[in-house]
Amino acid sequence: MTGQLVDRVREAGLSRVKTVARKIATASPKLADLPEEDLEKLARVVVAEGLKDELRKAADLEKVDYKDEREKFVARSSRTGSQRTKQLYSDALDKLDVWCKKQGISTLELTPALADDWIESLKAEGRAPSTIRLMVAASSSFWTWLERRHTQLRNPFRGSRARPLNKPKRKLEIPTEAEIRIIENAAEGWLRAAIVIMSQAGLRAGALPSVSISGDRFICTTKGKEQRGKVPQEAREAILKAGLSLRSPFEDKAVHQIADGFRYLTKKLHAGGQIASRYSCHDLRHFFAIQIYDSTRDVYQVEKALGHANVGVTETYLRSLGLE
């Protein structure tokens with residue numbers, strides 16, 4: 001591999017000599033009269049100095065086992081052990097690796113200018129700003145990891161102005177019980193079943209593909225943790241009415257499919273003046289939390305129902321909903 005690096009640097013040098021020789025002759029009229037052979041000798045000296053740095057940098061990159069570093073990073077990327085988080089990091093790095101390959105460089109050769117070019121290419125593909133920010137954040141995190149482990153590397157994403165700016169957060173709007181009923185009645189099949197269990201059991205959309213129901217209890221995995229609880233009778237009936245298996249009612253549904261289906265439905269209802277806002281799946285979880293707290297006034301019951309790590313998280317969550 002080192003031999004290939006030397007060959008690459010040598011080829012780059014040879015292709016540059018004539019170009020540099022022409023530039024010397026153009027920029028320095030006094031040297032323009034020198035024979036072409038002498039100009040090339042002078043150009044070789046200039047090019048050689050630059051190639052020393054390039055060769056040194058290339059040798060430093062050779063010391064980094066990129067594949068091994070990437071595998072270690074992805075394996076440790078989620079503090080909670082969430083497989084979805086790891087997959088998001090892996091997907092972002094896959095995109096970056098493919099783009100770098102098209103540019104004829106290794107990912108370790110990425111410069112700040114090329115990092116900006118990659119971000120601009122994501123914009124040109126029409127990706128949502130939030131998706132681009134996520135992909136850049138994942139890639140930048142990986143480079144920070146590399147930087148801490150290999151002092152010769154620098155994070156090319158640091159200070160980038162190409163990253164899309166964060167839009168102001170949407171004002172928190174929580175559907176009323178009447179609006180929940182309107183949304184449920186407008187939905188059909190598996191989507192209605194998903195809406196009912198999210199609003200009445202407080203489950204995240206990300207938990208639904210792993211939901212399994214036995215009797216009046218459910219078990220699922222959410223954010224890398226196992227969560228259990230009681231299945232509302234209405235949710236059970238909606239699942240059966242949709243012809244879904246209680247053992248794994250949503251296993252064939254991707255999280256984005258559930259979220260997009262719900263978003264499209266509420267957008268349509270909002271446009272028709274039937275509900276006050278275009279709600280998201282997570283707004284159903286907000287609704288559920290408020291219902292539990294209003295009926296029990298017990299933060300510990302809310303903690304258990306939402307599957308939070310501790311009551312402190314629940315207290316912060318309830319305050320974010322305007323509850324004390």
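Where a number appears in this text, it was derived from the coordinates with a stated rule and is not lab data. Every value quoted in this text rests on a predicted model; they were computed, and no experiment measured them. We place every Cβ from the backbone using ideal geometry, glycine too, and count neighbours over all the protein chains shown.
A few remarks follow.
- The GluC sites (Glu not before Pro) of region 93-130 that DSSP puts in a loop, and whose beta carbon has at most 14 other beta carbons within 10 Å, are 125.
- Under 5 Å between amide hydrogens, built in the peptide plane, is the criterion, and for residue 229 it picks out 218 among residues at least 5 positions away or on other chains.
- Spin-label pair residue 148/residue 233, simplified geometry with 7 Å Cα→Cβ offset, distance in nm: 5.3
- Residues of region 295-324 with amide N under 20 Å of a point placed 7 Å along Cα→Cβ from residue 171: 319-323
- Segment residue 319-residue 98, length gained on full extension (0.36 nm per residue, minus Cα span): 75.2 nm
- Residue-wise HN-Hα couplings along region 314-319, as the Karplus relation 6.51 cos²θ - 1.76 cosθ + 1.60 with θ = phi - 60° gives them from phi, are 5, 4, 5, 4, 5, 5 Hz; Gly and Pro carry x.
- Between residue 66 and residue 121, residue separation times 0.36 nm minus the direct Cα-Cα distance comes to 17.5 nm.
- Per-residue Karplus couplings for region 122-127, computed as 6.51 cos²θ - 1.76 cosθ + 1.60 with θ equal to phi - 60°, are listed in order as 5, 5, 5, 6, x, 6 Hz, Gly and Pro entered as x.
- Charge dipole (Cα centre; +1 on Lys/Arg Cβ, -1 on Asp/Glu Cβ; no other charges) of region 66-149 amounts to roughly 400 debye.
- Over region 66-149, the pair-distance histogram of Cα-Cα distances with 5 Å bins from zero comes to 3, 14, 27, 26, 18, 9, 3, 0 percent, rounded to whole numbers.
- Test item: Cα-centred dipole of region 177-257, Lys/Arg +1 and Asp/Glu -1 on Cβ, debye: 320
- Principal semi-axes of the equivalent ellipsoid, √(5λ) from the alpha carbon gyration tensor of region 190-324, are 23, 20, 13 Å from largest down.
- Above-threshold pairs, the threshold being 27 Å between Cα atoms, out of 101/253; 102/267; 63/102; 72/123; 101/225; 72/230: 101/253; 102/267; 72/123; 101/225; 72/230
- Sequence-ordered 3J(HN,Hα) estimates for region 191-204 from the Karplus curve with 6.51, -1.76 and 1.60 and θ = phi - 60° stand at 5, 5, 4, 5, 5, 4, 6, 5, 7, 9, 10, x, 7, 6 Hz, glycine and proline given as x.
- Fully extended contour minus Cα-Cα distance, from residue 270 to residue 241, at 0.36 nm per residue: 7.8 nm
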